[in-house]
1. Here is a list: Val63, Val49. Which entry is at pLDDT 85 or above and touching a Leu at 6+ places or on another chain (Cβ under 6 Å)?
2. What number of residues in the range 128-168 are closer than 15 Å to Ala206 by Cβ and assigned to a helix (DSSP H, G or I)?
3. Could you check the range 122-144 and list, in sequence order, the residues that are among the hydrophobic types (A, V, I, L, M, F, W, C), loosely packed, with under 12 Cβ neighbours inside 10 Å and under 14 Å from Leu66 (Cα atoms)?
4. Counting just the residues of the range 169-199 that are in contact with a helix residue (DSSP H, G or I) (Cβ under 8 Å, 6 or more places away or on another chain) and in a loop (DSSP other than H, G, I, E, B), which one comes out surrounded by the fewest Cβ atoms within 10 Å (Cβ to Cβ)?
5. How many residues does the range 145-160 contain that are of a type in the set (Gly, Ala, Ser) and crowded, with 16+ Cβ neighbours inside 10 Å?
6. Hey, any hits in the range 71-81 for a residue that's β-branched (Val, Ile, Thr) and in a helix (DSSP H, G or I)?
7. Kindly provide the set of residues from the range 129-167 that are acidic (Asp, Glu) and under 16 Å from the mean Cα position of the chain (by Cα), ordered by number.
Amino acid sequence: MKTSVISSGWLAGGAVVLAAAAFVAGRMPIPSPSVRAATAPAAGLKIAVVNYQKLALDLDEQVHNLHLIKREQDATQAKLQAAETALKKMSEPLNPNSALALKPGTPEYDKLIAKVRRAAIRLRIDQRYDQETLRADARHALESIYAHAQKAIAAYAKAHQISLVLVNSASIRHVGSTHAFIQMVESRNVLYASNALDITDAVAAAMNRAWTKAHG
């Protein structure tokens, strides 16, 4: 797609959104001071931010989970390689250039072909099953980390009288497409936050202390 036309549809949609915003801004009455005061944050409301990506990387629990997944991947790969080696050895007599070659058309040859086919199908099924199992285990590990982080953030916030904790994403970075850039912008929850509001390191330290206490 040429760069001169990639944004035509998006710009058209953006123009509609901007036009609608201008219409609303022109028609909607400006809230009175009393209304603005009623909708403003309560005085003394404490707010904090957490960079979840950084938090997850700093957790001992995450390191432990990654180690377990890597060990599972290595064991699965070794098992599949052993099965592939066994299948190759089993099918060797079907190779006409092998010293163990069987004569095509004989009962022994046909029987071996059927056996090799069954083993090959079983191997493909095992590969698919192991792949799905690894994906599920990795997903469950991520879900567990997120659930534990939510609980730890809530506990920290309550202990420090923090009323609201927002996710502070990483800074805007260069991406390869307009679509990816729009997704990145739309996924940001905080455009700016003072470093004084960031409780990422404090939550990570608390979670690591709890992990060490529970697991040694």
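The values are calculated or read from the model by the stated rules, or taken from the named source; none is laboratory data. The model shown is predicted, which means the values in this text are computed figures rather than measured ones. All Cβ positions, even for glycine, are placed from backbone atoms using ideal geometry, and neighbour counts span all protein chains on display.
1. Testing whether each residue is at pLDDT 85 or above and touching a Leu at 6+ places or on another chain (Cβ under 6 Å) leaves just Val49.
2. Here the count works out to 13.
3. Scanning the range 122-144 gives a single hit, Ala136.
4. Here the answer is Arg173.
5. Qualifying residue count for the region: 3.
6. Scanning the range 71-81 turns up at least one residue that is β-branched (Val, Ile, Thr) and in a helix (DSSP H, G or I).
7. Glu132, Asp137, Glu143
Table: residues versus (1) over 30 Å from Asn168 (Cβ atoms); (2) at pLDDT below 50.
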site	(1), (2)
Val5	yes, yes
Gly9	yes, yes
Pro31	no, yes
Leu45	no, no
Lys54	no, no
Glu72	yes, no
Lys79	yes, no
Ala99	yes, no
